[in-house]
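Asks: Handing you a structure now.
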Amino acid sequence: MAREEYEDFAEALEALDDDMRFEFLLDLAKKQDASDFPEEWKTDANLMHGCMSKVWLVHEEREGRHWFRGASEAAIVKGLVHMMVQSFSGLTSEEIRAISLDDVRRLNLGALTFQRQVGMMAMLKQIQKLAGQPVARETAGA
Amino acid sequence: MADTVSDRPNSSVLDVEAVRRDFPILSETVYGKPLVFMDSGASAQKPRQVIDAMRHCMEHQYSNVHRGAHYLSAATTDAFEQARDRVAQFLNAASPDEIIFTPNVTAAINLVAHAYGRAFLKAGDEVIVSEMEHHANIVPWQLLAEATGVVLRVAPVEDDGSFRIERFAELLNDRTKLVSITHCSNVLGTNVPAKEVARLAHAAGARVMFDGAQAVVHGPVDVRDIDADFYGFTAHKLYGPSGLGVLYGKLDILNSMPPFLGGGDMIDKVSFKGSTFKEAPHRFEAGTPAIVEAIGLHAAINYVADIGFDAIRAHEAGLRDYAHERLSAIDGMRLIGTAPDKAAIISFLVDGLHPYDVAAVLDRQGVACRVGHHCAEPLMDRLGIIGTVRATLAMYNTKAEIDVLGEAIEKAKKMLS
């Protein structure tokens, strides 16, 4: 269940200091291999626009649940993409719709620059878009 | 006013520790580590002399310029026009009327493309830029080309980043009406032989503009010696404030051009039957200008002049050579831009590593570099790379900081591979 993955990531990050979080992301990136995201999926159609380094996301729906896979050419971003797709795969449409920007902020924890956080928010919105759901917005007063 | 210059004697040797003490931000720490600021090519830090001059203006003198019959307005107008005088002297312009304040270099180039380009260029005329231009010196000409049918030609850059004047000269012909070229590449550091470019362009009957955003920092720039028709630079890279650029133009050319932006302060007489316009420079300065910023630029020029370009150049050349040597010793290092005549702008890639990852690790070590295509995508395409990490070395950088950079790159290699 993806929510468990999300909690695992969030708790692991909470237990680390900034430098260690940075290395944690790099380790996530290193654990992935080419079979996680075949080269032929790196098409313009799967490319997320507006990212500093290229990010590709693909989506599949099976039995009412959404599954995502992603890749990036930069290692740190690859780690972030991995965390995002692992956290938010396996959810129903309703669960995808309910993901908030705060859920994403919990996976950032100041380890990264504001620009990266913006990138993660964009990834969430892409995940929601691919799942055919409305994208998360800031709530008033947030 | 606080338009003071330091009491440091002008000599050909730069006392880098004394210079560093003038820049309050350089004693900051990031992530608990001393800040190593190597992103001055994007925007330089500000010495206290600039900060003090701007604060003094706002605390004691500020008002709008060229209007208001009161003491403060007159005082601010004087200070603003003195800044224009100082810029004219800095560039060795023939008159302060040749100095137009703009928001930045981008605006300066757009002004020329719009006001000069649309008035004097027609379909089939050619404008020459180079492969190593910043987008600011490409897109305005593309917009002009779309609007008028002007043809954009592109002077090549060699693999090592060199600019070969004979290859540029091959593009000149009787259709060439304007050459607009960087004086120093923001990615490669390559210095362009501006005087020779201007001589050849003029011989072909073309006007010539230089994007001096980077070059003016390493100066001195003498627009009359170069014989530039237009020259643009920006205050914030010259240790001055953001929000202010300069367009130099020869006075007869400026006065032959129609206005670019219409509004207050640029008019002679306005009525609903039609309006008439002031002469340069005011014709091209519609609306309230960047007043405090102009006063800040004045202080920045005084600061740089006080240290002296001989000393700055010698210091930066030493840093450039040391950076090339130190970084070249790193296995897998690829320096991008090794032209014989180059400024202290060090672009690089490390084999097998994405430049964003390298820059992110450098950042965690307190080293601030720029990463990406540096607003020069056509140059990236030409060199077949996605981007670079760029360390720009300024008058306040030290060899010890280059060692920190080198060690941070080595750490990035370990962490990322």
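Asks: Take residue B:321 and decide whether it is acidic (Asp, Glu) and exposed (fewer than 14 other Cβ atoms within 10 Å of the Cβ). Reasoning before the result, please.
Replies: Details: acidic (Asp, Glu): yes; exposed (fewer than 14 other Cβ atoms within 10 Å of the Cβ): yes.
So residue B:321 passes the test.
Asks: Taking into account only those residues within the range A:19-57 that are of a type in the set (D, E, K, R) and within 13 Å of another protein chain (Cβ to nearest Cβ), which is surrounded by the most Cβ atoms within 10 Å (Cβ to Cβ)?
Replies: As a first pass, look at the range A:19-57 and keep what is of a type in the set (D, E, K, R): A:19, A:21, A:23, A:27, A:30-31, A:33, A:36, A:39-40, A:42, A:44, A:54.
Retained after the next criterion (residues that are within 13 Å of another protein chain (Cβ to nearest Cβ)): A:19, A:21, A:23, A:27, A:30, A:54.
Working: A:19: 12, A:21: 21, A:23: 14, A:27: 12, A:30: 13, A:54: 16.
Step by step, filter the range A:19-57, then rank; the result is A:21.
Asks: Which of the residues that make up the range B:38-79 are over 20 Å from residue B:240 (Cβ atoms) and assigned to a helix (DSSP H, G or I)?
Replies: From the range B:38-79, those over 20 Å from residue B:240 (Cβ atoms) are B:63-64, B:66-75; that's our starting set.
Selection gives B:71, B:72, B:73, B:74, B:75.
Asks: Can you pull out every residue in the range B:111-127 that is surrounded by 24 or more Cβ atoms within 10 Å (Cβ to Cβ) and assigned to a helix (DSSP H, G or I)? Spell out how you get there, then give the answer.
Replies: As a first pass, look at the range B:111-127 and keep what is surrounded by 24 or more Cβ atoms within 10 Å (Cβ to Cβ): B:111-113, B:116-117, B:127.
Scanning the range B:111-127 gives B:111, B:112, B:113, B:116, B:117.
Asks: Quick check on residue B:15: is it touching a strand residue (DSSP E or B) at 6+ places or on another chain (Cβ under 7 Å) and acidic (Asp, Glu)? Even if it seems obvious, please write down each step before you answer.
Replies: Values: touching a strand residue (DSSP E or B) at 6+ places or on another chain (Cβ under 7 Å): no; acidic (Asp, Glu): yes.
No: the conditions fail for residue B:15.
Asks: Can residue B:102 be described as of a type in the set (Ser, Thr, Tyr), under 30 Å from residue B:194 (Cβ atoms) and either free of Cβ contacts under 8 Å to residues at least 60 places away in the same chain or more than 14 Å from chain A (Cβ to nearest Cβ) (or both)? Before the answer, list the steps.
Replies: Working: of a type in the set (Ser, Thr, Tyr): yes; under 30 Å from residue B:194 (Cβ atoms): yes; either free of Cβ contacts under 8 Å to residues at least 60 places away in the same chain or more than 14 Å from chain A (Cβ to nearest Cβ) (or both): yes.
Taking the combined requirement at face value, the residue satisfies it.
Asks: To continue, here is another question. Looking at B:139, B:127 in this structure, which one is under 25 Å from residue B:167 (Cα atoms), in contact with a Gly (Cβ under 8 Å, 6 or more places away or on another chain) and not aromatic (Phe, Trp, Tyr)? Spell out the reasoning first.
Replies: On the way: B:139 fails: in contact with a Gly (Cβ under 8 Å, 6 or more places away or on another chain).
The match here is B:127.
Asks: Tell me which residues, restricted to the range A:60-70, are in contact with a helix residue (DSSP H, G or I) (Cβ under 7 Å, 6 or more places away or on another chain) and surrounded by fewer than 24 Cβ atoms within 10 Å (Cβ to Cβ). Break it down into steps so the answer makes sense when it comes.
Replies: Quick first cut of the range A:60-70, residues in contact with a helix residue (DSSP H, G or I) (Cβ under 7 Å, 6 or more places away or on another chain) only: A:66, A:68-70.
The answer is A:66, A:69.
Asks: May I pose another question? Which residues, taken from the range B:138-178, are farther than 16 Å from residue B:125 by Cα and among the polar types (S, T, N, Q)?
Replies: Matches in the range B:138-178: B:162 only.
Asks: Considering only residues that are farther than 30 Å from residue B:339 by Cα and hydrophobic (A, V, I, L, M, F, W, C), which ones fall in the range B:114-141? Full working, then the answer.
Replies: Applying the first criterion (farther than 30 Å from residue B:339 by Cα) to the range B:114-141 yields B:114-125.
Result: B:115, B:119, B:120, B:121, B:123.
Asks: Right, here's the next one. Scan the range B:402-417 for residues that are away from chain A (no Cβ under 14 Å) and touching a Gly at 6+ places or on another chain (Cβ under 8 Å) and jot them down.
Replies: Quick first cut of the range B:402-417, residues away from chain A (no Cβ under 14 Å) only: B:402-407, B:409-410.
B:404 - this is the single residue of the range B:402-417 that is away from chain A (no Cβ under 14 Å) and touching a Gly at 6+ places or on another chain (Cβ under 8 Å).
Asks: Looking at B:346, B:330, B:307 in this structure, which one is under 30 Å from residue B:86 (Cβ atoms), of a type in the set (Val, Ile, Thr) and either away from chain A (no Cβ under 14 Å) or within 22 Å of the chain's Cα centre (by Cα) (or both)?
Replies: Values: B:346 fails: under 30 Å from residue B:86 (Cβ atoms); B:330 fails: under 30 Å from residue B:86 (Cβ atoms).
Answer to the selection: B:307.
Asks: May I pose another question? Might you let me know whether the range B:49-63 holds any residue that is farther than 24 Å from residue B:346 by Cα and touching a Phe, Trp or Tyr at 6+ places or on another chain (Cβ under 7 Å)? Step through it out loud before you land on a result.
Replies: Our first condition is that a residue be farther than 24 Å from residue B:346 by Cα; within the range B:49-63, this holds for B:49-63.
Those left that are additionally touching a Phe, Trp or Tyr at 6+ places or on another chain (Cβ under 7 Å): B:49-50.
Yes, the range B:49-63 has at least one match.
Asks: Being surrounded by 22 or more Cβ atoms within 10 Å (Cβ to Cβ) and in contact with a Ser or Thr (Cβ under 9 Å, 6 or more places away or on another chain): is that true of residue B:106 here? Outline the logic, then answer.
Replies: Details: surrounded by 22 or more Cβ atoms within 10 Å (Cβ to Cβ): no; in contact with a Ser or Thr (Cβ under 9 Å, 6 or more places away or on another chain): yes.
No: the conditions fail for residue B:106.
Asks: In the range B:83-103, which residues are part of a helix (DSSP H, G or I) and surrounded by fewer than 16 Cβ atoms within 10 Å (Cβ to Cβ)?
Replies: Step one: filter the range B:83-103 for residues part of a helix (DSSP H, G or I), giving B:83-91, B:96-98.
Within the range B:83-103, B:85, B:89 qualify.
Asks: A follow-up question, please. Within the range A:9-18, track down each residue that is surrounded by 13 or more Cβ atoms within 10 Å (Cβ to Cβ) and either within 10 Å of chain B (Cβ to nearest Cβ) or part of a helix (DSSP H, G or I) (or both). Working first, answer last.
Replies: First, the residues of the range A:9-18 that are surrounded by 13 or more Cβ atoms within 10 Å (Cβ to Cβ): A:9-10, A:12-13, A:16, A:18.
Within the range A:9-18, A:9, A:10, A:12, A:13, A:18 meet the criteria.
Asks: Okay, next question. Mind telling me which of the residues B:40, B:27 ends up being buried (at least 21 other Cβ atoms within 10 Å of the Cβ), of a type in the set (Ser, Thr, Tyr) and on the phi < 0 side of the Ramachandran plot?
Replies: Numbers: B:27 fails: buried (at least 21 other Cβ atoms within 10 Å of the Cβ).
That would be B:40, the only listed residue that is buried (at least 21 other Cβ atoms within 10 Å of the Cβ), of a type in the set (Ser, Thr, Tyr) and on the phi < 0 side of the Ramachandran plot.
Asks: I'd like the full set of residues that are closer than 30 Å to residue A:30 by Cβ and away from every other protein chain (no Cβ under 13 Å), limited to the range B:389-400. Walk me through it before giving the result.
Replies: Step one: of the range B:389-400, the residues closer than 30 Å to residue A:30 by Cβ are B:389-391.
The answer is B:390, B:391.
Asks: Still on this model: Any residue in the range B:269-284 that is in the same structural domain as residue B:103 (by TED's automatic domain parsing) and β-branched (Val, Ile, Thr) sitting within a Cβ distance under 7 Å of a residue that is in a strand (DSSP E or B) and surrounded by fewer than 16 Cβ atoms within 10 Å (Cβ to Cβ)? List the pairs, counting only those 6 or more apart or interchain.
Replies: Pairs found: B:276/B:268; B:276/B:269.
Asks: On to the next question. State which residue pairs qualify: first residue part of a strand (DSSP E or B) and inside the range B:19-37, second residue surrounded by 17 or more Cβ atoms within 10 Å (Cβ to Cβ) and among the acidic types (Asp, Glu) in any location, beta carbons under 7 Å apart, and separation of 6 or more residues or different chains.
Replies: From the range B:19-37, the pairs are B:36/B:401.
Asks: Within the range B:202-266, which strands (runs of 3 or more DSSP E) (wholly inside it) include 3 or more residues that are in the same structural domain as residue B:96 (by TED's automatic domain parsing) and under 18 Å from residue B:80 (Cα atoms)? Lay out the reasoning, then the answer.
Replies: On the way: elements: B:207-211, B:230-234, B:245-249.
Output list reads B:245-249.
Asks: Among the numbered criteria (1) touching a strand residue (DSSP E or B) at 6+ places or on another chain (Cβ under 8 Å); (2) assigned to a helix (DSSP H, G or I), which one does residue B:322 miss?
Replies: Among (1) touching a strand residue (DSSP E or B) at 6+ places or on another chain (Cβ under 8 Å); (2) assigned to a helix (DSSP H, G or I), residue B:322 violates only (1).
Asks: Can you tell me which condition residue B:242 does not meet? The list is (1) polar (S, T, N, Q); (2) over 14 Å from the mean Cα position of the chain (by Cα); (3) closer than 27 Å to residue B:387 by Cβ, and all the others hold.
Replies: Every listed condition holds for residue B:242 apart from (2).
Asks: Is there a residue in the range B:172-190 that is without any contact (Cβ under 8 Å) to a residue 24 or more places away in the chain and either crowded, with 21+ Cβ neighbours inside 10 Å or closer than 30 Å to residue B:319 by Cα (or both)?
Replies: Of all residues in the range B:172-190, those without any contact (Cβ under 8 Å) to a residue 24 or more places away in the chain come to none.
Looking through the range B:172-190, none of the residues is without any contact (Cβ under 8 Å) to a residue 24 or more places away in the chain and either crowded, with 21+ Cβ neighbours inside 10 Å or closer than 30 Å to residue B:319 by Cα (or both).
Asks: Could you pull out every one of the helices (runs of 4 or more DSSP H) wholly within the range A:62-134 that has 3 or more residues that are within 14 Å of chain B (Cβ to nearest Cβ) and not small (Gly, Ala, Ser)?
Replies: Result: A:75-88, A:114-130.
The values are calculated or read from the model by the stated rules, or taken from the named source; none is laboratory data. Everything quoted here is computed from the prediction, not taken from an experiment. Ideal geometry is used to build each Cβ from the backbone, glycine not excepted, and the neighbour counts take in all protein chains shown.
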